[in-house]
Amino acid sequence: MTLKTVLVTGGAGYIGSHTARALAEAGLRPVVYDDFSNGHREAVRWGSMINGDVRDQDRLTEVMAGFDVDAVIHFAGFIEVGRSVTAPAPFWDVNVNGVAAVLGAMRATGVRRMVFSSTAAVYGQPEGDGLGRLSERAPKAPLNPYGDSKLAAERMIAAHARAYGLEGVALRYFNAAGAHPSGELGEAHACESHLIPLAIEAALGLGPALTVHGSDYPTPDGGCLRDYVHVCDLARAHVLALTAPLGPTGFDAVNLGSGAGRSVREVIAAVDRATGRTTPYAQGPRREGDPAVLVADPGRAAQVLGWRANCSSLDEIIANAVAWRVNPRFGFRPTTEAAA
Ligand SMILES: NC(=O)c1ccc[n+]([C@@H]2O[C@H](COP(=O)([O-])OP(=O)(O)OC[C@H]3O[C@@H](n4cnc5c(N)ncnc54)[C@H](O)[C@@H]3O)[C@@H](O)[C@H]2O)c1
């Protein structure tokens, strides 16, 4: 089968919109399917745009048949870890029932492959000294309903692959960051919880001072280490995952990270360099449930996808994120409002 049309659920969101662009640049036809609960119509500029709920199997079936869809990339879901603890019901509903509906529609229309947005949150607290890089074989023990819902979805996809001959690739992203180098596409979450955009806001005086959580971790500067991976590297991995050969189970799970751990202070220093300002921050206590180190072993991604991060240096990520933040269209505001 020649791959042509790809349904991109959640394609109006941060990683989905970059991936729709990468698909179009690879000569494929993206069909974005989103309910715009957290996405932006203005971010859908590559391919068709369908307004629909990912839990609506009949509508998904109609769209997959109508557009002659060949494969699905499934991003749609809720992402805020903290909210998944205080309000878990919608996380289980959208993140798990959404996957069930997409798989049902794929079976009804004969679409074989799903590439699924998973997360490093499926691993929970790394074992041992916690300072090693995580391989896909590390124990799965999520610390919150968000991670639970993603692991449940992975297992549902694997079971469907075994039983019904579907194919699934779960991509476990570490810390997605950065923006398209054009400065025209980037992160625009209504409720931002990610370190890099918050640090940029603080540096530019557009948001409160940053709080650095914890200074006594067993790491070189006492802060947590995380693995930041450029959103354009992630987008490219999704395109590769559409055609990657899979073993006999028809399912594989792959970490997507740079393999390098960066501390909060290193992020702040890079934001200072990119903005020419000094990022205001306060030192706070550790946050419950924060592992000292969350860094990917990216070896399997190289093996299965032929992928490695190639634009994920902290300076490149942050320079692109700053360019997006200072673009008048930041957050996909209409031009008139941005100009006002
Ligand atoms: N951003 C990260 O650092 C990160 C890390 C690991 C995994 N992920 C996963 O990647 C995926 C995309 O993340 P993102 O940062 O682009 O999030 P995002 O919120 O920007 O995008 C998610 C999209 O899904 C849509 N959506 C939500 N509920 C829907 C529903 N019921 N029907 C149809 N569409 C719906 C939203 O409108 C939004 O456009 C998510 O599944 C997330 O769990 C993200």
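The values are calculated or read from the model by the stated rules, or taken from the named source; none is laboratory data. Since this is a predicted model, take the numbers as computed values, not measurements. Cβ coordinates were reconstructed from backbone atoms using ideal geometry, including for glycine residues, and neighbour counts include every protein chain displayed. Just so you know, the surface numbers come from the protein's heavy atoms only, side chains and all, with ligands and any DNA or RNA stripped out. Shrake-Rupley method; radii C 1.70, N 1.55, O 1.52, S 1.80 Å.
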Query raised in the report: Separation of the stretch 204-280 and the stretch 1-24 by C-alpha centroid, Å?
Result: 22 Å
Query raised in the report: Going out from 0 in 5 Å bins, what whole percent of all Cα-Cα distances in the stretch 1-69 drops into each bin?
Result: 4, 20, 32, 23, 17, 5, 1
Query raised in the report: Taking amide H positions as placed 1.01 Å from N in the peptide plane, with prolines and chain starts having none, which residues 5 or more places from K4, or on another chain, fall under 5 Å of its amide H?
Result: D70
Report summary line: With the stretch 216-270 reduced to its Cα atoms and the Debye formula applied, log10 I(q)/I(0) at q = 0.22, 0.26, 0.28, 0.29 1/Å amounts to -0.87, -1.04, -1.13, -1.16
Query raised in the report: So what are the ³J(HN,Hα) numbers for the stretch 111-123, from phi and the Karplus equation (6.51, -1.76, 1.60; θ = phi - 60°), rounded to whole Hz, Gly and Pro as x?
Result: 7, 8, 10, 10, 9, 10, 6, 10, 8, 5, 5, 5, 8
Query - Per residue solvent-accessible surface (Å²) - the chain, probe of 1.4 Å - result: 42 Å²
Query raised in the report: Considering the alpha-carbon set of the stretch 149-215 alone, what are its Rg and its Dmax in angstrom?
Result: 18.2, 54
Query - Mean shadow area of the stretch 1-121 over all directions, Cα convex hull, nm² - result: 7.2 nm²
Query raised in the report: How high is the relative contact order of the chain, given as a whole-number percent (alpha carbon pairs under 8 Å, six or more residues apart)?
Result: 19 percent
Report summary line: So the pair-distance distribution of the stretch 238-340, from every Cα-Cα distance in 10 Å bins, comes to percents of 12, 27, 30, 23, 8, 1
Query raised in the report: In the stretch 25-128, which GluC sites (Glu not before Pro) fall in coil by DSSP and have 12 or fewer other Cβ atoms within 10 Å?
Result: E127
Query raised in the report: Out of residues 5 or more away from A76 or on other chains, whose amide H comes under 5 Å of its own, with H placed 1.01 Å from N in the peptide plane?
Result: T9, G10
Query raised in the report: Which of the helices in the chain, when you take each full DSSP H run, stretch at least 20 Å along the axis at their Cα atoms and have an average Kyte-Doolittle score of -0.5 or higher?
Result: 145-164
**Report entry** Value at 222 nm in deg cm²/dmol, rounded to 500, when DSSP H runs of n ≥ 4 in the chain each add -39,500 (n - 2.57)
**Finding:** -10500 deg cm²/dmol
Query raised in the report: How long are the semi-axes of the ellipsoid equivalent to the chain, from square roots of 5 times the Cα gyration tensor eigenvalues, in whole Å, largest first?
Result: 31, 24, 18
Requested in this report: Note the full-extension length gain between L204 and A282 as 0.36 nm times their separation in residues minus their Cα-Cα distance, in nm to one decimal.
Outcome: 26.5 nm
Query raised in the report: With labels modelled as points extended 7 Å from the Cα through the Cβ direction, what inter-label distance (nm, one decimal) is found for R137 paired with S37?
Result: 3.8 nm
Query raised in the report: By the scheme Lys and Arg +1, Asp and Glu -1, what is the net charge of all other residues having a beta-carbon under 15 Å from that of S149?
Result: +2
Query raised in the report: What is the gain in length, in nm to one decimal, between M1 and A24 on full extension, counting 0.36 nm per residue of separation less the C-alpha to C-alpha distance?
Result: 6.4 nm
Report task. Give, to the nearest whole percent, the P(r) tail of the stretch 162-315 beyond 21 angstrom, counting all Cα pairs. Result -> 52 percent
